[in-house]
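*Asks:* Sharing a structure with you now.
The values are calculated or read from the model by the stated rules, or taken from the named source; none is laboratory data. None of these values were measured; they are calculated from a predicted model. Neighbour counts run over all protein chains shown; Cβ positions are idealised from the backbone, glycine included. Protein only, heavy atoms only, side chains kept; ligands, DNA and RNA dropped before computing areas. Shrake-Rupley method; radii C 1.70, N 1.55, O 1.52, S 1.80 Å.
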Amino acid sequence: MEKMVIKGGNRLSGRVRVSGAKNAALPALSATLLSDEESVFSGFPPVADIATMGKTLRELGSEVESAGEYIRVKPGDSEKFTAPYRLVKTMRASVLVLGPLLAKRRRAKVSLPGGCAIGARPIDMHLGGFQAMGAEIKIRHGYVEGQVKELRGARIHFHRSTVTGTENVMMAACLAQGETIVENAALEPEVVDLANLLNQMGARISGAGTEQIRIEGVKKMTGARYRIIPDRIEAGTLLIAGAMSGGEVQVEGLVFDHQKVLVKKLLAAGIKVEHEYDWIRVTRTGKAKAIDIETEPFPGFPTDLQAQMMALLSTAEGTGTITENIFENRFMHVSELDRMGANIRVEGKCAVVRGVEHLSGAPVMASDLRASASLILAGLSAEGETEISRIYHLDRGYERLDLKLAQLGADIRRVKE
Ligand code: EPU
């Protein structure tokens, strides 16, 4: 296992480029199961979760080859329909193969993902959507087993916004008979990106990015050549790093419209922000000011930047609050930040963050992907040395965040434990 060792206090400055979005790449890989033809993607981040999805596709008979940011997928044996526990347990997004398998192979057997470090995360809305489209769903021996003669279009209303639920149902509906209407659909840019990809593959989807998505089923889908959108969460993480420890940090290759709520919050915290449509520059002129944040579905503040923002607030001037509305257990980083000298008290779904003068380096442990990023940001601004163990969580979703931060002047290195 590897750990990250950071000597805090360096001022970050310079330019850095954002990678492709993990959470757009994962559904894109699943979508390849809807066609018999080859697809080639670019802009893919070579992160562990993408490799896991590649393994899941191989398990389902696909050929998967990757080289740098490129990945080629050719679906194969259409008799295969099982995604095993050993893969799904390491990455719950594997459930994204359910929709395409039901639509194309008429059968799916996918391990139930179970809980994870940030909450229970049920998939009842995904399954309800497939049932509304005529699929018979059973839960047996820890697996979701689904089968159907032919999916038919349906009106599906989600009682709360779900990103992968919307994606799963949207993929299934592409090959269903007739029209599917998804109401209260998730508005995330990754959902829009998937709809764009599916349309390139021959689907007929309109309304992605609004609360009502319409999908007119088609008989056949083709392969695609597709470039994935940039990762707004990685971009946000780098911007928050700049806001905490900058100088002047410019993050390039992003989509400004995906970052609006973060920019609004950084401005409220007293950070100087300049931008064009594909880059944002943050300049810290003094101590950040405390602000209040509530996580919400897009276009609200993303839960995937909550932990990183908490690191920023922990040394801000004054007291701020962070309310986590999406996941019930996404405060595992709090006790680690407190070990570094932060003053954070959790009351239910709200964390009250009293800004301290400075954090101090300490050995800490990462508990999930975004918590790892938060601890790295804290380590960069802390006095002395921070050692972060269980860094494999970071590698699930960030393309060498350590190298990108080092490029900006951070003293950060990976060592074997
Ligand atoms: N929910 C249900 N039933 C369902 C589906 C969701 O109750 O059938 C609940 C969840 O438990 C949660 C809320 O609804 O409380 C929203 O969850 P959502 O379904 O939107 O989350 P997700 O699709 O499982 C994706 C991202 C997450 C990100 C969330 C929220 C992917 C692969 N994952 O998860 O990304 O936090 O949306 O934006 O797209 C990450 O990258 O670190 C990460 C966790």
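*Asks:* I'd like the Karplus ³J(HN,Hα) series for segment 116-121: coefficients 6.51, -1.76, 1.60, θ = phi - 60°, whole numbers in Hz, and an x wherever there's a Gly or Pro.
*Replies:* 8, 4, 10, x, 6, 6
*Asks:* Right, here's the next one. What is the list of residues in segment 3-27 whose amide nitrogen lies under 11 Å from a point 7 angstrom out from the Cα of Val415, following Cα to Cβ?
*Replies:* Within reach of a label on Val415, which here means backbone N under 11 Å from a point 7 Å along Cα→Cβ, segment 3-27 contributes 3-7.
*Asks:* Please compare each pair in Lys80/Lys404; Lys89/Lys404; Lys22/Lys219; Lys109/Lys220 to a cut-off of 31 Å on the Cα-Cα distance and tell me which ones are over it. Each step should come with its number before you reach the end.
*Replies:* Values: Lys80/Lys404 40 Å; Lys89/Lys404 29 Å; Lys22/Lys219 29 Å; Lys109/Lys220 22 Å.
With Cα atoms farther than 31 Å apart: Lys80/Lys404.
*Asks:* What percentage of the solvent-accessible surface of the chain, computed with a 1.4 Å probe over protein heavy atoms, is contributed by carbon and sulfur atoms? Kindly include the intermediate steps, with their values, before the conclusion.
*Replies:* Details: 7780 of 16350 Å².
The computed percentage sits at 48.
*Asks:* Which whole number in µm²/s is D for the chain by Stokes-Einstein, with the Kirkwood Rh taken over Cα pairs at 10 °C and 1.306 mPa s?
*Replies:* 73 µm²/s
*Asks:* Moving on. Could you tell me, in Å, what Rg and Dmax come out for the Cα atoms of segment 60-102?
*Replies:* 11.6, 31
*Asks:* If the chain between Asn343 and Lys260 were fully stretched, how many nm would it gain, using 0.36 nm times the residue separation less the Cα-Cα distance?
*Replies:* On the way: separation 83, 0.36 × 83 = 29.88 nm, distance 2.83 nm.
Answer, rounded to one decimal: 27.0 nm.
*Asks:* Show me the GluC sites (Glu not before Pro) within segment 21-116 that DSSP assigns to loop and that have at most 10 other Cβ atoms within 10 Å of their Cβ.
*Replies:* Sparse-neighbourhood loop GluC sites (Glu not before Pro): Glu79.
*Asks:* How much net charge surrounds Val218 when only the other residues with a Cβ under 15 Å from the Cβ of Val218 are counted, with Lys and Arg +1 and Asp and Glu -1? Each step should come with its number before you reach the end.
*Replies:* Working: positive: Lys104, Arg152, Arg204, Arg214, Lys219, Lys220; negative: Asp36, Glu37, Glu150, Glu179, Glu216.
It works out to a net charge of +1.
*Asks:* While we're looking at this one, here's another question. For Ala21, which sequence-distant residues (separation of 5 or more, or a different chain) have an amide H within less than 5 Å of its own amide H, given hydrogens modelled in the peptide plane?
*Replies:* Amide H neighbours of Ala21: Ile229, Asp231.
*Asks:* Moving on. Pulled fully out, how much extra length does the chain show between Asn199 and Glu179, if you take 0.36 nm times their separation in residues and subtract their Cα-Cα distance?
*Replies:* That works out to 5.7 nm of additional length.
*Asks:* Taking 56 Å as R0, compute the FRET efficiency from the Cβ-Cβ separation of Val218 and Ser13 and round it to 0.05.
*Replies:* Rounded to the nearest 0.05, the efficiency is 0.65.
*Asks:* To the nearest 10 square angstrom, how much accessible area does Thr210 have with a 1.4 angstrom probe?
*Replies:* Answer for Thr210: close to 70 Å² accessible.
*Asks:* So what is the accessible area of segment 84-191 per residue, in Å², with the probe set to 1.4 Å?
*Replies:* On a per-residue basis, 39 Å².
*Asks:* Further question: Which residues among segment 25-57 fall inside the zone where the amide N is under 17 Å from a point 7 Å beyond the Cα of Ser78, along Cα→Cβ?
*Replies:* Only 31-39 pass the distance filter.
*Asks:* Expressed in nm², what is the orientationally averaged projection area of the convex hull enclosing the Cα positions of segment 349-417?
*Replies:* Details: hull surface 22.0 nm².
Convex hull of Cα atoms, orientation-averaged projection: 5.5 nm².
*Asks:* When you have a sec, figure out the Kirkwood radius of segment 266-417 from all distinct Cα pair distances and drop it here in Å to one decimal?
*Replies:* Values: mean 1/r = 0.0629 Å⁻¹.
That comes to 15.9 Å for segment 266-417.
*Asks:* Would you kindly work out the equivalent ellipsoid of segment 128-167 from its C-alpha gyration tensor and give its semi-axes, the square roots of five times the eigenvalues, largest first in whole Å?
*Replies:* One finds semi-axes of 19, 15, 7 Å for segment 128-167.
*Asks:* Would you kindly calculate the mean projected area, averaged across all directions, of the convex hull enclosing the Cα atoms of segment 1-105, in square nanometres?
*Replies:* Here the figure is 8.4 nm², rounded to one decimal.
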